[in-house]
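Inspection log for the structure reproduced underneath, given as C-alpha cells.
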Amino acid sequence: MVARKKARTTWFRADLHIHTPASADYQDVGISYLDILRKAEQRGLDVIAFTDHNTIAGYLAMQREIEQLTFLQKLERATLEEQRVLADYRRLLDKILVLPGFEFTATFGFHILGLFSPQIPLRVLEHLLLSLNIPPQVLDAGSSEVGASSDVLSAYRAIYEAGGICIAAHVNSAHGVAMTGLDFGGQTRIAYTQDRYLHALEVTDLHRRDRRSTARFFDGTKPEYPRRMRCIQGSDAHALNAIRDKNRVITLGVGDRVTEVALTECTFEALYEMFSSSDFSRSRAYVPNKQPEDFIQSAREEGASIVQAFHENLGKTSVVIADVCAFANTNGGTIYIGVSTDKKKKVSGIAESKEAVEQLRREIGQNITPTINAEIDTHDSQGKTVIRVQVPYGEDRPYAIDSNQIYIRDGTETVLAVRDEIVNLVRQGMAFKEALERTKATTMPIDSPSPLVTEDTDTITPPRAGVEILAIEKRDGTHYYTMHDLRNGNIVRNVTLTSARRLWHYAVKQQQSQPLQPEQIRWQGEIGLWRRYKKGGDVRYDLVMQEGERVRVFYGVTENGMHGKWQMFLEPEE
C-alpha cells in the first residue's frame, strides 16, 4: 500500500441546482444573470451551477453578454452603466465558481443533473444534449417536456464520459429516480440509484437523521443497495427569492438549500475529485447559524453496522486488519479507531497517531491479498485524535489475510466466511470481471433494463434482512440446518447449533425452544408479526409469511430489511 499525504481541505458552500430565465418554467420576471450572481454573493455561496431544463442557454447568454460588454469596452464605446455591469461580472466571477450544466429529462420523466468545467466548450454540451435525443427546439426553449429522450442509464454514462459530475436530481420527490410510489421493477430502481457512472443523489431531506431519511436509506447497509451513495442538496431555484402562495412554497430561491463541500481549492477539478472520492465526510448540509456536526460523533449515533466498526484503542492491529478484509468482501465501510461505539463515552483517541497510521498502512499492505486501497487518515473529535480507515467495496474478491483467512461482515460483527460464502465471493469476483469486460466492449451501460420492467406493487417478497431456516437434517444425533441469510442472499448448509453465528444461533434456538404458535401472530393479510424484541439497543422482528400451505418464518429482521408492506410492523419512532 502506497502512503499518500492528503492535501488540506477548506469548506465551501455550493448550490449546484439553480435555474435561470433560460428555463421555460422560470418564475421571476425581469431577472438578469448578474442578479443571480449578486444573490449568490449575498447568500455567501462559493460555487453555483446553472442547470436549466435540457439546455445551456442560460450560461451561454451570460457568456455572450460578458463578451459583448468586453468588446464594447475595448472599443471605448461602453456606457458608464455597461462598464459598471462588466466590472461587477468580473468581480463576482472571480469570487464565485459558476459551472455550466443542465437538468436533463430522461425517459419516463426522470431528472438528471450534469455539471461541467467552465473550460469545456459549450458546443460540446449542446452536442451532448442532442446525442441524448433532446430536440433542437427544446435546446432553445429550455422546456422539461422533451418527448422520447434517452434512458436514465445512458444519460449517466454520457455525462460521466463527457467529464461531468452526474447527479440524480431530487430523487425522493417529483421526477426523482427514488420517489416513493413509482410503479417499476425493483431491479430497475436499484440500477438507477447504484449505477457506477452516478456520482451522487440530490435529496430534499438531507437535514433529517431518522431512519426514514433518504441518506439513511442509501448508507450501504441494505443488501440490495450495497453501494453507499453521496447525498447532497440544492435549491432547484426557479426564482431569485423564494415564492410562497399562502403557506405553500412554490419555489425556493438561490441559496435556500446549500451543501458544504470540503475541497483542496475552489475549482471544478477539486469538486469532481470530491464527488469521486469515498470520503463521505467531505459533504454536508449547510444550516445557517448552526455549529457544523462532528461526523465521527454522528457515526457513533448511528452505531456499528455492516458498514461501520469502532475500536476504542488500537490494541492488536490484527483485529482492524480483519475488519478491513471483511468490509472489502462485503459492502465496503469505515473503521474508527480511538473511539468507542458507545456514543455516551468520551473519545479516548490515539496518542501516537502518526506512527499508528504508518503501522496500519504497512500491515494492511503486507497481510491482505489481493491489494485493497484503503484510505487512512486522522480527524479530531472532542479534542482527541481518531484514526479513520475507509475501505472500498472490493471487486477483486475474495480478499484474504495470509492467503487463507477470508472474513466477511455479518451485521455488526466481523466473522470468518464459511465454505458456501467463500464460493459466493468467488462468483461475485468473476461477475465483476465479466462486467468490466462487457463495459469495455460496448458503449451501452451494463445491466441496462430494456425495456423497463414493471412489477405488481401488491406482490409481497421476503424481508431484506434476518435469516430463514430452509431445511433441517439429523445425522448421527446432530441437527444440521440450511440457513438462508436474507442480508446477502447466501444459502449456507451444514450449520449446527454450536457452529452457528449469533443471528443463526438465535434462529436455531427459537426454532427448537419456541415453535410457531399461530395465535401469537398479528396477521395483516398474508404477512404477520410474530415477535418484536430488542438486541444490543436495536429493535428486531420475527416475521412470518403465508405461502400456500406453508408458513415461512424470518428471524431477527432489522428495520433496514423492512420494505413495502412489512413497514406496517415497524415500531413507531420516538
Inset, instruction - Could you please tell me the mean projected area of the C-alpha convex hull for the stretch 54-127, averaged over all directions and given in square nanometres to one decimal? - result: 5.9
Inset, instruction - Evaluate the relative contact order of the chain (contact order divided by residue number), counting alpha-carbon pairs under 8 angstrom at least 6 apart; express in whole percent. - result: 11
Inset, instruction - Starting from the stretch 1-84, pick out the GluC sites (Glu not before Pro) whose DSSP state is loop and whose Cβ has at most 11 other Cβ atoms within 10 Å. - result: Glu76
Inset, instruction - Please give the contour-minus-distance gain from Phe71 to Arg90: 0.36 nm per residue of separation, less the Cα-Cα distance, rounded to one decimal in nm. - result: 5.4 nm
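Calculate the FRET efficiency for Gln63 and Thr264 from the Cβ-Cβ distance with a Förster distance of 25 Å, rounded to the nearest 0.05. Mind showing how you got there, number by number?
Details: r = 27 Å, r/R0 = 1.07.
The value I calculate is 0.40.
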Inset, instruction - Tell me the GluC sites (Glu not before Pro) within the stretch 339-413 that lie in a loop according to DSSP and have at most 15 other beta-carbon atoms within 10 Å. - result: Glu352, Glu395
Legend entry - Computed label-point distance, nm, for sites Arg208 and Lys474 using a 7 Å Cα→Cβ extension: 5.0
Legend entry - Over the chain, equivalent-ellipsoid semi-axes from the Cα gyration tensor in Å: 47, 28, 22
Inset, instruction - Report the full-extension gain for the segment Arg196 to Glu547: residue separation times 0.36 nm, less the Cα-Cα distance, to one decimal in nm. - result: 122.7 nm
Inset, instruction - Give the relative contact order (percent, whole number) for the stretch 11-291; include only Cα pairs under 8 Å separated by 6+ residues. - result: 21
Inset, instruction - Work from the charge dipole of the stretch 300-416 (Cβ charges, +1 for Lys and Arg, -1 for Asp and Glu, about the Cα centre) and give the residue of Ala304, Val415, Val391 farthest towards its positive end. - result: Ala304
Inset, instruction - Rounded to the nearest 500, what is the 222 nm mean residue ellipticity of the chain from helices alone, with -39500 (n - 2.57) per DSSP H run of 4+ residues and division by all residues? - result: -8500 deg cm²/dmol
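Check each of the trypsin sites (Lys or Arg not before Pro) in the stretch 256-339 and keep only those in coil by DSSP with at most 13 other C-beta atoms within 10 angstrom; list them in order.
On the way: sites: Arg257, Arg282, Arg284, Lys290, Arg300, Lys316; in loops: Arg257, Lys290, Lys316.
The qualifying sites are Lys290, Lys316.
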Legend entry - Surface/4 estimate of mean projected area, convex hull on alpha-carbon atoms of the stretch 197-354, nm²: 12.6
Inset, instruction - Kindly provide the pair-distance distribution of the stretch 300-416 built from C-alpha pairs, with 5 Å bins from 0 and whole-percent values in order of increasing distance. - result: 2, 13, 24, 25, 19, 11, 4, 1
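Taking 0.36 nm per residue of separation and subtracting the Cα-Cα distance, what length does fully extending Gln524 through Glu224 add? Can you show the working numbers first?
Numbers: separation 300, 0.36 × 300 = 108.00 nm, distance 2.50 nm.
Length difference between fully extended and current span is 105.5 nm.
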Inset, instruction - Could you point to the residue in Ser283, Val347, Thr330 farthest towards the positive end of the stretch 282-365's charge dipole, with +1 and -1 charges on the Cβ of Lys/Arg and Asp/Glu respectively? - result: Ser283
Inset, instruction - Quick one: which residues, 5+ away or cross-chain, put their amide H under 5 Å from the amide H of Ser381? H built at 1.01 Å from N. - result: Val386
Inset, instruction - Show which aspartates and glutamates lie in cross-link reach of Lys290 when reach means a straight Cα distance below 14 angstrom and same-chain residues fewer than eight apart are skipped. - result: Glu260
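Readers should treat all values here as calculations from the given coordinates under stated rules, not as data from a laboratory. Here the structure is a predicted model, which means the values were calculated and not measured. Glycine also receives a Cβ, built like all others from the backbone with ideal geometry; neighbour counts cover every protein chain displayed.
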